[in-house]
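As structure tokens, the structure follows; a few thoughts come after it.
None of the figures in this text is laboratory data; all of them are computed from the coordinates on show. As the structure is a prediction and not an experimental result, all values here were calculated from the model. Using ideal geometry, Cβ is built from the backbone for each residue, glycine included, and neighbour counts are taken over all protein chains shown.
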Amino acid sequence: MTKRDDSPAARTATATLLQHHPYRPPAGFESAQLPSYRASTVLFENVAQMRARRWRDQSGYTYGLHGTPATFALERRLCDIEGARHAVLCPSGLSAIALVDMALLRSADEVLIPSNAYAPGREFAQHMLQAWGIVARIYDPLRPESVRALMGPRTRLMWLEAPGSVSMEMPDLRALVALAREHGVTTAIDNTWSAGLALKPFELGIDVSMQALTKYQSGGADVLMGAALTCDDALHDALLDAHMRLGLGVGGDDVSLMLRGLGSLPLRYAAHDAAARQIAAWLQRRPEVAQVLHPALPGSPGHEFWLRDFRGAAGLFSLRLHADFGPRRIDAFVDALRLFGIGYSWGGPMSLAVPYEMQAMHAAADGDAAPPSAANLVRLNIGLEHPQDLIDDLEQALRAARPG
């Protein structure tokens, strides 16, 4: 005969029990990875505790958008990598750019953007911000002194990008930051290429660092996320206010994937760097290649600034083929590649190749008649395949697309 269960759970309807089961796991369990917290609602012990919590206070939790143990852990680790004090997470790199703009700019303000910046970020400024009365001015990042003429009493923010998103020029960050400080202008950098490992922006006096965590921090080409980091308390408060009012949040499972990827970040970044330099040096010797745009290679625009300010290089660089490789032959070269996927983004384990029409990519700097480059480029993301296999693939694709 089965013994009767008189516990409260036995007397509760199943539908209610599924929501309010009394079992709680015992304390003391710890694993190598933090658990995934899928939380919108956060529960409080009583009303007094609920009223005492503040959404911006990391000592307590109020709502899933404002933080869980996993999001706070990811923010702290990102700060440790980059040397920041504060971080906020966003659903993508572009949303982190938009967050910085919307937190720090008001109607009639002006923002300066490099002509070779990540195009969607520039387009957000030229369309959305300008519709709200914020003026976006485009500057040539390789001519710091030309920026002085663009700065005025309403200039509030200067974006930096190191290197250029596709054309890979490395600017003189120190000169640009000094110019911004002279005029009391806040600086923000897209530091995605360095993954926070190769460049420490706060050591150069930069105010805000934006990262598309989608790239190297994830490492798997399967997570979208961004972050905005700073050492300045007032700037962080402005970013937090905008973050809360915009309702920006990241998924708990995505945070867990990002935390898992961080453990191997330095090893993966070093492997991407070493392979990319080997392949870039090989491409420099190819007769079909007019120029390799890799900041770590002598002769690449701004190489001296990379040498001075950076501790490594990413697996992303571009190459320019000779003039007899017109747009159709460039496309044929990319189509002939067997190990390189054709797709946007970078930082993942698979190598990628994308042709770009630079006339369309670059924005003309204010006061300039034309974009700085009209050449067609191919941008390569060097993944984690064996470098010699990638070299062999590039060689056969160059032969297949060669004129004549």
- Along the charge dipole of region 229-330, which of ALA276, PRO266, TRP306 sits closest to the positive end, that is, farthest toward it, with unit charges on the beta carbon of Lys, Arg, Asp and Glu (+1, +1, -1, -1)? ALA276
- Message: Can you sort TYR37, TYR63, TYR269 from fewest to most other Cβ atoms within 10 Å of each residue's own Cβ?
- Response: TYR63, TYR37, TYR269
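Assuming R0 = 22 Å, what is the FRET efficiency of SER36 and THR62, from their Cβ-Cβ distance, to the nearest 0.05?
Working: r = 19 Å, r/R0 = 0.88.
Step by step, r from the Cβ atoms, then E = 0.70.
Do the sum for the chain: with -39,500 (n - 2.57) for every DSSP H run of n ≥ 4, divided by all residues, what is the mean residue ellipticity at 222 nm, to the nearest 500 deg cm²/dmol?
For the chain, the value works out to -10000 deg cm²/dmol.
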- Pairs of Cα atoms under 8 Å, at least six residues apart: use those to get the relative contact order of region 158-314, whole percent. 26
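Mean shadow of the chain, computed from the convex hull of its alpha carbons, in nm²?
On the way: hull surface 105.7 nm².
So the mean shadow area of the Cα hull is 26.4 nm².
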- Task: Could you state the angle between the C-alpha long axis of helix 93-104 and the longest principal axis of the C-alpha atoms of the chain, as a value from 0 to 90 degrees rounded to the nearest 10?
- Result: 80
